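What follows is one structure encoded as structure tokens, with my remarks underneath.
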Amino acid sequence: MQWLTEKNYFVFDNVSGLGPCDVIAMDKRGKIIAIDVKSVSYRKNGSVIYRTANKQQKCMGIKLLMVTKEGKCYFNKS
């Protein structure tokens, strides 16, 4: 993912397409972050649908990386 590489992470993709995370990111010190990428969704009234990690993802410390329709990325605070 371009956003992560711009933040100086090495990015490793989930080649199987299965599992609780989409990518693994590693910084230059070797710190690893497991990430599930989600699109920001909106209700009909325009309000954002807040997403949280599922139980398994929470236990595994997986972070949600939200991507807006404009392409802006941010980590969910959950």
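Considering Thr68, Thr52, the condition of being in contact with a helix residue (DSSP H, G or I) (Cβ under 9 Å, 6 or more places away or on another chain) and among the hydroxyl-bearing types (Ser, Thr, Tyr) is satisfied by Thr52 alone. Scanning the range 48-75 for residues that are crowded, with 16+ Cβ neighbours inside 10 Å and in a strand (DSSP E or B) yields a count of 5. Residues that are of a type in the set (A, V, I, L, M, F, W, C) and under 17 Å from Tyr74 (Cα atoms) within the range 11-31 comprise Val11, Cys21, Val23, Ile24, Ala25, Met26, listed in sequence order. Applying the selection to the range 5-22, what residues are of a type in the set (A, V, I, L, M, F, W, C), surrounded by 11 or more Cβ atoms within 10 Å (Cβ to Cβ) and free of Cβ contacts under 8 Å to residues at least 40 places away in the same chain? Result: Phe10, Val11, Phe12. When Asn45 is tested against (1) at pLDDT 95 or above; (2) of a type outside the set (Asp, Glu); (3) surrounded by fewer than 15 Cβ atoms within 10 Å (Cβ to Cβ); (4) within 15 Å of the chain's Cα centre (by Cα), only condition (4) is not met. Please verify whether Gly19 is assigned to a loop (DSSP other than H, G, I, E, B) and modelled with pLDDT under 95, treating the condition exactly as stated. Judged against the criteria, Gly19 is a match.
Is the range 33-42 home to any residue that is hydroxyl-bearing (Ser, Thr, Tyr) and more than 20 Å from Glu70 (Cα to Cα)? For the range 33-42, residues hydroxyl-bearing (Ser, Thr, Tyr) and more than 20 Å from Glu70 (Cα to Cα): absent. Close Cβ contacts (under 7 Å, 6 or more residues apart or on different chains) running from residues in the range 44-72 that are within 12 Å of Ala34 (Cα to Cα) to residues that are of a type in the set (Lys, Arg) and assigned to a loop (DSSP other than H, G, I, E, B) comprise Leu64/Arg51. Among residues of the range 26-38 being over 9 Å from the mean Cα position of the chain (by Cα) and surrounded by 10 or more Cβ atoms within 10 Å (Cβ to Cβ), the one that is nearest to Phe12 (Cα to Cα) is Met26.
The values are calculated or read from the model by the stated rules, or taken from the named source; none is laboratory data. These numbers were taken from a predicted model, which means no experiment stands behind them. Cβ sites come from the backbone with ideal geometry, for glycine too, and all protein chains shown count toward neighbours.
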